[in-house]
1. Which one, Gly52, Gly115, Gly24, has the greatest fluctuation when you compute a Gaussian network model over the chain with C-alpha springs under 10 angstrom?
2. So who's got an amide H within less than 5 Å of the one on Lys138, skipping anything under 5 residues away but keeping other chains? H placed 1.01 Å off N, in plane.
3. Write out the GluC sites (Glu not before Pro) in region 45-142 meeting two conditions: DSSP loop, and at most 15 other Cβ atoms within 10 Å of their Cβ.
4. Taking Cα centroids, how far is region 116-142 from region 80-112 in Å?
5. In a Gaussian network model over the chain where Cα atoms closer than 10 Å are linked, find which of Pro46, Pro86, Pro57 has the largest mean-square fluctuation.
6. Taking a 24 Å limit on the Cα-Cα distance, which of the listed pairs Lys16/Lys138; Lys97/Lys118; Lys32/Lys142; Lys16/Lys97; Lys54/Lys129 fall beyond it?
7. Can you put Leu132, Leu63 in order of Cβ neighbours within 10 angstrom, beginning with the fewest?
8. Go through region 63-130 and name the trypsin sites (Lys or Arg not before Pro) that are in a DSSP coil and have 10 or fewer other Cβ atoms within 10 Å of their Cβ.
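Just so you know, all these numbers are worked out from the coordinates, no wet-lab data involved. Note that the structure is a prediction, hence the values are computed from the model and not measured. Note that we place each Cβ from the backbone using ideal geometry, even for glycine, and neighbour counts take in every protein chain shown.
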Amino acid sequence: MGFSTKECAWSQTTVKVLTRTLVGIAGFDFSKDVETEYLYGAGSDPIDIQRGNKSYPGSIDILKYELDLLNDAAVAAGYEDITEVPNEAINITCVFKKLATDTPRTVSSLACAFGNIKAAMQQNDKSMKVSLPFKAMKTVFK
């Protein structure tokens, strides 16, 4: 199960990290993955599909100034940057709808940890986009 920006209108989307509503959001991706594997017995066809561990990866793409503000909040809380903030302190919530008249939908990634920061720019770019991949303890699609 996954969610991406193809199912909503940007004008109807709000993304919050910690308590900050991100204005410079350029993209996001939320996922719930469940390991599966075939169970084999007699014959060459599987007899069942076994389910295993769950994982909740995701990513937000933001403009560089949003990263600066998130890092400033992390430093104010006594951490080196956003990657050092304990996962218990970081929830990411996205509220979206395709049309203004639609019922809002919510995706919440709870207890998130950002593993790396990668900022890059190419010649002729007008802005710097930063991708922040994360792992969550749980992602809920409502």
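1. Comparing Gly52, Gly115, Gly24 in the GNM, the peak value goes to Gly52.
2. Residues meeting the criterion, in which the H sits 1.01 Å from N, are Leu110.
3. Values: sites: Glu66, Glu80, Glu84, Glu88; in loops: Glu80.
Answer in residue order: Glu80.
4. About 14 Å separates the Cα centre of region 116-142 from the one of region 80-112.
5. Looking only at Pro46, Pro86, Pro57, the largest GNM fluctuation is found for Pro46.
6. Values: Lys16/Lys138 16 Å; Lys97/Lys118 29 Å; Lys32/Lys142 13 Å; Lys16/Lys97 15 Å; Lys54/Lys129 29 Å.
Beyond 24 Å between Cα atoms: Lys97/Lys118; Lys54/Lys129.
7. On the way: Leu132 23, Leu63 16.
Final ranking by Cβ density, sparse to dense: Leu63, Leu132.
8. On the way: sites: Lys64, Lys97, Lys98, Arg105, Lys118, Lys126, Lys129; in loops: Lys97, Lys98, Lys126.
Passing both the DSSP loop test and the Cβ count: Lys126.
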